[in-house]
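What follows is a single structure, written as structure tokens, with notes after it.
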Amino acid sequence: MSDAIDHRAIIAGLTAEQRAALTGRRNGPGLVRLAVHGGAILGLGALVLAGIPWWPLLLLTQGILIVFLFTLLHECVHETAFATPWLNRAVAAVAGFLVMVPATWFRYFHFAHHRHTHDPDNDPELMSPKPETLWQYVKYLSGIPLWIGMAKTILLNGARPSDEPYVPEKGRRKVHDEARITLALYGGLAGISIALGTDALLWIWVIPALLGQPFLRAYLLAEHARCPHVANMLQNTRTTFTTAIVRFVAWNMPYHAEHHAYPAVPFYRLPQFHEVVRDHLRTTERGYGRFHKRFFEGLR
């Protein structure tokens with residue numbers, strides 16, 4: 001492992017053929033994974049609505065699958081989930097709606113995070129400090145601050161054009177319109193449910209998402225928490241070695257240092273890029289359980 005090798009040097013050292021092989025985009029892998037991920041959500045939802053025996057036991061799995069649509073949203077805003085641009089935008093809009101993270105707003109937020117990763121003055125992810133005490137850790141994992149924060153963001157952006165520093169002037173009206181449409185759709189679904197006297201959406205979407213959010217919080221905390229404030233993406237971002245199931249549901253984003261080092265690489269080629277950079281990864285962990293054990297031990 002060499003301290004002198006950073007992500008820029010590795011990218012610069014790739015040949016044109018290697019770059020093309022790593023960044024070429026296809027629809028097939030994304031459509032297959034979307035069919036499995038989305039099909040599982042629809043299937044479990046149907047079982048819950050059918051009221052099969054012990055159906056409440058399905059809610060947690062349903063919730064984990066729903067909240068991890070965030071990783072699909074993430075891949076789509078990079079336009080690497082699919083080769084077809086409109087397909088990335090359409091899937092991002094649906095996934096963002098389901099996890100209460102509007103896609104256009106998130107695109108601006110997330111790209112600022114990529115431009116300024118671990119820059120304390122400019123990385124928007126650092127606007128919400130990582131947990132430092134046991135109570136902060138529990139509160140973070142609950143997902144409550146996330147739900148409250150996103151509700152405030154959508155309401156404020158719906159009330160007036162966005163003034164967030166990471167949203168450029170040309171994007172403020174887009175974010176404003178998106179927030180208004182999002183609020184109208186949420187309100188419409190709530191109104192229809194009340195008019196029909198049904199709580200179906202609560203049991204197949206809302207309650208599962210609340211139950212699943214702590215698992216997404218636990219997963220996301222490992223990406224950058226306690227990584228050094230340096231420019232090298234192979235050091236300021238953590239790759240977590242985990243199971244094939246977690247990698248599948250998270251759209252290969254456990255290869256997170258690899259993603260930050262070269263965001264143009266589609267999710268299905270991140271394992272291939274990992275082979276290129278693995279000897280230069282500076283911040284890794286073997287499993288999310290080990291990460292949280294170490295994180296917990298370091299709390300005040």
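The values are calculated or read from the model by the stated rules, or taken from the named source; none is laboratory data. Keep in mind that what you see is a predicted model, and the values were worked out from it rather than measured. Methodologically, a virtual Cβ is constructed for each residue, glycine included, from the backbone with ideal geometry; neighbour enumeration extends over all protein chains shown. Quick note on the areas: whole protein, heavy atoms, side chains included, nothing else; ligands and nucleic acids left out. Shrake-Rupley method; radii C 1.70, N 1.55, O 1.52, S 1.80 Å.
Key figures
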{"item": "Residues of region 91-113 that turn out to be open to solvent by 10 Å² or more (accessible area, probe 1.4 Å), more than 16 Å from Trp251 (Cβ to Cβ), part of a helix (DSSP H, G or I) and in contact with a helix residue (DSSP H, G or I) (Cβ under 7 Å, 6 or more places away or on another chain), as a count", "result": "7"}
{"item": "Some residue of region 76-90 being polar (S, T, N, Q), open to solvent by less than 10 Å² (accessible area, probe 1.4 Å), over 17 Å from Met150 (Cα atoms) and in contact with a Phe, Trp or Tyr (Cβ under 6 Å, 6 or more places away or on another chain)", "result": "yes"}
{"item": "Residue among Phe295, Phe241 that alone is aromatic (Phe, Trp, Tyr) and more than 26 Å from Leu14 (Cα to Cα)", "result": "Phe295"}
{"item": "Any pair with Cβ under 6 angstrom, 6 or more apart, that starts in region 161-174 at a residue that is surrounded by fewer than 17 Cβ atoms within 10 Å (Cβ to Cβ) and ends at one that is part of a loop (DSSP other than H, G, I, E, B) and of a type outside the set (Lys, Arg)", "result": "Arg173/Pro161"}
{"item": "Selection status of Leu60, open to solvent by 30 Å² or more (accessible area, probe 1.4 Å) and in contact (Cβ under 8 Å) with a residue 40 or more places away in the chain", "result": "yes"}
{"item": "All helices (runs of 4 or more DSSP H) inside region 229-300 with 3 or more residues being at pLDDT 95 or above and out of contact with any helix residue (DSSP H, G or I) (no Cβ under 9 Å at 6 or more places or on another chain)", "result": "288-297"}
{"item": "Residue pairs meeting the criteria (Cβ under 7 Å; at least 6 apart or on separate chains; first under 16 Å from Arg269 (Cα atoms), in region 4-22; second surrounded by fewer than 16 Cβ atoms within 10 Å (Cβ to Cβ))", "result": "Leu22/Gln272"}
{"item": "Residue that is surrounded by the most Cβ atoms within 10 Å (Cβ to Cβ), among those in region 212-240 that are under 15 Å from Phe70 (Cα atoms) and aliphatic (A, V, I, L, M)", "result": "Leu216"}
{"item": "The one condition in (1) under 30 Å from Asp279 (Cα atoms); (2) at pLDDT 95 or above that Gly63 fails to fulfil", "result": "(1)"}
{"item": "Region 267-285 residues that are within 17 Å of Asn236 (Cβ to Cβ), paired with ones that are among the charged types (D, E, K, R) and outside any helix (DSSP H, G or I) (beta carbon under 8 Å, 6 or more apart)", "result": "His280/Asp6; Thr283/Arg238; Thr284/Arg238; Glu285/Arg238"}
